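Accompanying notes for the structure given below.
The values are calculated or read from the model by the stated rules, or taken from the named source; none is laboratory data. Please read all numbers here as calculations on a predicted model, not as lab measurements. Here the Cβ positions follow ideal geometry from the backbone for every residue, glycine too, while neighbour counts run over all protein chains shown.
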Amino acid sequence: MDYVISIIGPLAEGSLVTLKLFFITLALALPLGLALALVRISRFRSLALAVGGYLWLMRGTPLMLQLLFIYFALPFVPVVGVRLPDFPAAVVAFALNYAAYFAEIFRAGIQSIDRGQYEGAKVLGMSYGQTMRRIVLPQMVKRILPPMSNETITLVKDTSLIYVLALNDLLRAARGIVQRDFTITPFIVAAAFYLLMTLVLTWGFQRLEKRYAVYDE
Amino acid sequence: MPSTMNEPMIRARDIHKRFGEVEVLRGVSLQMDKGEVIAVIGPSGSGKSTFLRCLNHLETIDRGRIEIEGEAMVTSGSDGLARYVADAELRRICRRMGMVFQHFNLFPHMTVLQNVIEAPMVVKGQRREEIVPRAEALLRKVGLLDKCDAYPSRLSGGQKQRVAIARALAMEPDIMLFDEPTSALDPELTGEVLRTIRQLAEERMTMLVVTHEMGFAREVASSVVFMDGGLIVEARPSAEFFAAPEHPRTRAFLHNML
Ligand SMILES: Nc1ncnc2c1ncn2[C@@H]1O[C@H](COP(=O)(O)OP(=O)(O)OP(=O)(O)O)[C@@H](O)[C@H]1O
Ligand SMILES: [Mg+2]
């Protein structure tokens, strides 16, 4: 037991890196994903197609590959080539990747809203922007909560991929202690940390779902 | 502002509309004065809904001309193609018409009161304190003040439709369009909605009502328009219309309905 307590410190430090990546990714990928979804369904055909291509690329290749590409290969790409430090590189890869997944969830949510809602808003004089902001998007939120819950839980676990960039996240911290002390206890404690994080998320989404349960469709 | 003294509220001329290969409206003309209540009847697929939806730009017409109290929202040049006025102008003109749908189209994520005050606040920029008393008065008028804080899913069909009417009225339209307002309701609930519309008629609201309720058309409408195959076959004052329909197709239709 004392041993477990002694490794909680370094594992908690690793968790901070994990959580930091998680929250920054969410903060960037949610608005970017929404913007992508809105362009994807817009009547600007070529832009919509370009976004479609982007979604295909980001969802069709492994996140690990994207991570490695942005960190190792991007510096050698002409014009856009920049060398990003490891954490920012991870943030960029995660945000770009998750924005694509969120965009598909948003798109499906928006398109599930009945045409009558748009017409109801239009005959009241609302513009497209007002209709989206006040009528469509608020109703979309209720419908996408279950897939969003899934996706964010996946994100918590996906953050462990950054061990390839030698960032000291929760998993890497645990592995370091395992190799030092020749015991698998740190892995078990790390698992408990991940479970705790996903538990909090699940609970948060349950609360949101309850809040949205005040109305039925 | 042009003088609107003697202009009809709605003047639609030679409206054509096609969906792909099918010409759904084949030259519909209609004129409607302030305070008139016109019932539009006709068999399924005759273009009644499409005509109504063209009037407030839920559909765009291919050819023809629509004026609302003398203000053109769409005109056709010598090439015959419809040309709409600029967007802002179009929205302003269309806002003079309220519409009630067969399936209500209430906003499910808002309470009854929020449904009614939403557009006045968002579109007209009215303040909450200013619009809430008016919204409550409208809800009292349709008999639903006690449902203010209920969500639409908790209401019966008849109650939903009365909220939809209050919501449309909150924008202070000069014309109300109804597309089969009672067709989605259980028979025992149609009465409460028709009573509300009748009350509006008594207040001299200009209304165009697509309906299958012949009793309502006969008692409330000043005129009846019979559509078939994308054309207006017969349009006359309702007493005459029901007493002595002229066109054989009208007679056949009425025979089937009654
Ligand atoms: N968006 C659309 N796309 C293609 N065809 C359409 C569309 N809307 C209507 N139609 C067709 O246009 C014709 C007229 O339809 P409309 O809904 O105006 O008839 P209606 O008189 O209102 O009939 P009902 O009494 O059944 O409501 C029908 O043949 C219908 O299938
Ligand atoms: Mg119809």
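Within the stretch A:136-153, which residues are within 9 Å of chain B (Cβ to nearest Cβ) and without any contact (Cβ under 8 Å) to a residue 40 or more places away in the chain?
Result: A:Pro138, single match.
Which pairs have Cβ atoms under 9 Å, sit 6 or more apart or on different chains, and link a residue in the stretch A:191-213 that is without any contact (Cβ under 8 Å) to a residue 40 or more places away in the chain to one that is aliphatic (A, V, I, L, M) and surrounded by 13 or more Cβ atoms within 10 Å (Cβ to Cβ)?
Once the first residue is without any contact (Cβ under 8 Å) to a residue 40 or more places away in the chain and sits in the stretch A:191-213, its partners that are aliphatic (A, V, I, L, M) and surrounded by 13 or more Cβ atoms within 10 Å (Cβ to Cβ) give A:Ala191/A:Ala174; A:Tyr194/A:Val156; A:Tyr194/A:Leu170; A:Tyr194/A:Leu171.
Among residues belonging to the stretch B:40-67 that are among the hydrophobic types (A, V, I, L, M, F, W, C) and within 11 Å of another protein chain (Cβ to nearest Cβ), point out the one that is farthest from ligand 1 (Cβ to nearest atom). Working first, answer last.
Keep residues of the stretch B:40-67 that are among the hydrophobic types (A, V, I, L, M, F, W, C), which gives B:40-41, B:51-52, B:54-55, B:58, B:61, B:66.
Keeping just the survivors that are within 11 Å of another protein chain (Cβ to nearest Cβ) gives B:52, B:55, B:58.
Working: B:Leu52: 8, B:Leu55: 12, B:Leu58: 10 Å.
Looking at the filtered set, the residue picked out is B:Leu55.
Any residue at all in the stretch A:66-85 that is touching a residue at least 24 places away in the same chain (Cβ under 8 Å), more than 19 Å from A:Val164 (Cβ to Cβ) and surrounded by 13 or more Cβ atoms within 10 Å (Cβ to Cβ)?
no
Give the residues of the stretch A:108-135 that are closer than 18 Å to A:Tyr215 by Cβ and facing chain B (nearest Cβ under 7 Å), sorted by residue number.
A:Gly116, A:Gln117, A:Gly120, A:Arg134, A:Ile135
Quick check on the stretch A:112-119. Is at least one of its residues touching a Leu at 6+ places or on another chain (Cβ under 7 Å), over 21 Å from A:Leu165 (Cα atoms) and touching a residue at least 12 places away in the same chain (Cβ under 8 Å)?
no
Can you find, within the stretch B:1-39, the residue that is farthest from B:Met205 (Cα to Cα) among those that are among the basic types (Lys, Arg) and within 10 Å of ligand 1 (Cβ to nearest atom)? If you could, list the steps in order and put the result at the bottom.
Of the stretch B:1-39, the ones among the basic types (Lys, Arg) are B:11, B:13, B:17-18, B:26, B:34.
From the residues that got through so far, the ones that are within 10 Å of ligand 1 (Cβ to nearest atom) too are B:17-18.
Details: B:Lys17: 28, B:Arg18: 31 Å.
Result: B:Arg18.
Which of (1) modelled with pLDDT of 95 or more; (2) part of a helix (DSSP H, G or I) does A:Phe69 not meet, given it meets every other one?
Of everything listed in (1) modelled with pLDDT of 95 or more; (2) part of a helix (DSSP H, G or I), A:Phe69 misses just condition (1).
Looking only at the stretch B:13-47, count every residue that is in contact with an Asp or Glu (Cβ under 8 Å, 6 or more places away or on another chain) and crowded, with 22+ Cβ neighbours inside 10 Å and tell me the total.
4
What single numbered condition from (1) among the hydrophobic types (A, V, I, L, M, F, W, C); (2) surrounded by 15 or more Cβ atoms within 10 Å (Cβ to Cβ); (3) more than 12 Å from every other protein chain (Cβ to nearest Cβ) fails to hold for B:Ala86?
With respect to (1) among the hydrophobic types (A, V, I, L, M, F, W, C); (2) surrounded by 15 or more Cβ atoms within 10 Å (Cβ to Cβ); (3) more than 12 Å from every other protein chain (Cβ to nearest Cβ), B:Ala86 is out only on (2).
Being of a type in the set (Gly, Ala, Ser) and either out of contact with any helix residue (DSSP H, G or I) (no Cβ under 8 Å at 6 or more places or on another chain) or surrounded by fewer than 19 Cβ atoms within 10 Å (Cβ to Cβ) (or both) is the filter here, so list the residues in the stretch A:172-198 that pass it.
Answer for the stretch A:172-198, where residues must be of a type in the set (Gly, Ala, Ser) and either out of contact with any helix residue (DSSP H, G or I) (no Cβ under 8 Å at 6 or more places or on another chain) or surrounded by fewer than 19 Cβ atoms within 10 Å (Cβ to Cβ) (or both): A:Gly176, A:Ala191, A:Ala192.
Inside the stretch B:19-99, counting only strands (runs of 3 or more DSSP E) that do not spill past its ends, which hold 1 or more residues that are within 16 Å of ligand 2 (Cβ to nearest atom)? Even if it seems obvious, please write down each step before you answer.
Values: elements: B:22-32, B:37-41, B:63-68, B:71-76, B:82-84.
Qualifying strands (runs of 3 or more DSSP E): B:22-32, B:37-41.
Considering only residues of the stretch B:143-190 that are modelled with pLDDT of 95 or more and of a type in the set (Val, Ile, Thr), which is surrounded by the fewest Cβ atoms within 10 Å (Cβ to Cβ)?
B:Ile175
Quick one: would you say B:Ile93 is away from ligand 1 (no atom under 15 Å from the Cβ), within 14 Å of chain A (Cβ to nearest Cβ), in contact with an Asp or Glu (Cβ under 9 Å, 6 or more places away or on another chain) and modelled with pLDDT of 95 or more?
yes
Can you name every residue in the stretch B:201-219 that is more than 16 Å from ligand 1 (Cβ to nearest atom) and under 16 Å from B:Asp33 (Cβ atoms)?
B:Ala201, B:Glu203, B:Arg204, B:Met205, B:Thr206, B:Met207
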